Amino acid sequence: MKAMVLMDPDRFADAIERIDAANGADPESEEVDGRPVPKALLYGQRMSACLEDLAPDASEALRLAVRCQHIQRWKIPRGDFPVGRLGYRQWRTELAWYHAQTAGSILRDVGYDDALVERVQSLVRKERFKVDPEAQTVEDVACLVFLRYYLPAFAEKHSEEKLVEILAKTWKKMSDGGRAAALDIELSPALKFLLDRAVQRT
């Protein structure tokens with residue numbers, strides 16, 4: 001499938017560079033190939049790589065949205081909100097708006113018009129993702145990146161039953177295409193067994 005031509009490759013590259021610079025300030029890092037990489041920067045790069053595999057013809061707005069999906073996430077810690085489901089939802093809502101605002105500032109600075117900025121912000125917030133194909137793709141990519149890169153460490157902190165519950169919720173969020181891609185991810189036998197249990201629940 002032919003990749004979509006960017007409206008202004010230089011402006012797009014400038015936006016990506018600024019997004020990566022913002023994420024590169026993350027005080028926490030993850031070791032990759034023997035060197036520390038800021039976690040937020042690595043997450044954005046993984047999101048872009050996953051999108052390229054899943055939807056190589058993605059629009060410019062979609063490419064920008066996945067790159068800044070968690071931009072400067074560390075600035076709004078989970079611990080600043082109440083424990084429990086309500087506090088978690090409040091945290092996620094605050095994050096979504098913060099990510100969208102931060103992305104919008106960067107995109108306007110590099111010369112994007114209001115229409116594209118607002119589209120990217122809507123995608124970052126994953127608005128109407130069950131009826132907006134591009135927002136659904138953002139959700140699919142986020143789920144795939146979680147399963148591929150973050151599930152093993154996440155699994156160490158939760159019981160099997162809790163993991164099955166979380167994986168079932170993740171599966172419900174995904175499109176058929178996203179689910180097909182998820183089944184191609186190499187997981188340990190134990191995690192594959194839990195994912196299979198989760199799929200059976202949906």
Touching a helix residue (DSSP H, G or I) at 6+ places or on another chain (Cβ under 9 Å), surrounded by 16 or more Cβ atoms within 10 Å (Cβ to Cβ) and not in a loop (DSSP other than H, G, I, E, B): does that describe Ala190? no
Suppose the filter is in contact (Cβ under 8 Å) with a residue 24 or more places away in the chain and either surrounded by 17 or more Cβ atoms within 10 Å (Cβ to Cβ) or closer than 24 Å to Asp14 by Cβ (or both); does Arg148 pass it? yes
Residues being over 17 Å from the mean Cα position of the chain (by Cα), under 25 Å from Ile19 (Cα atoms) and of a type in the set (Lys, Arg) - total across the range 79-97: 0
Output for the range 11-45, where each listed residue is out of contact with any strand residue (DSSP E or B) (no Cβ under 8 Å at 6 or more places or on another chain) and among the basic types (Lys, Arg): Arg11, Arg18, Arg35
Which one of Leu107, Leu6, Leu51, Leu64 is within 20 Å of Ser122 (Cα to Cα) and modelled with pLDDT under 95? Leu6
Kindly provide the set of residues from the range 131-155 that are among the β-branched types (Val, Ile, Thr), in contact with a helix residue (DSSP H, G or I) (Cβ under 7 Å, 6 or more places away or on another chain) and over 19 Å from Leu183 (Cβ atoms), ordered by number. Val138
Is there a residue being under 24 Å from Thr137 (Cα atoms) and surrounded by 17 or more Cβ atoms within 10 Å (Cβ to Cβ) anywhere in the range 32-39? yes
Say we look at the range 75-112 and pick out the residues that are of a type in the set (Lys, Arg) and farther than 23 Å from Pro27 by Cβ; which of these is surrounded by the fewest Cβ atoms within 10 Å (Cβ to Cβ)? Arg85
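The values are calculated or read from the model by the stated rules, or taken from the named source; none is laboratory data. Computed from a prediction, not measured in an experiment: that's the story for all the values here. When we count neighbours, we look across all protein chains shown, and the Cβ atoms used for this are built from the backbone with ideal geometry, even at glycine.
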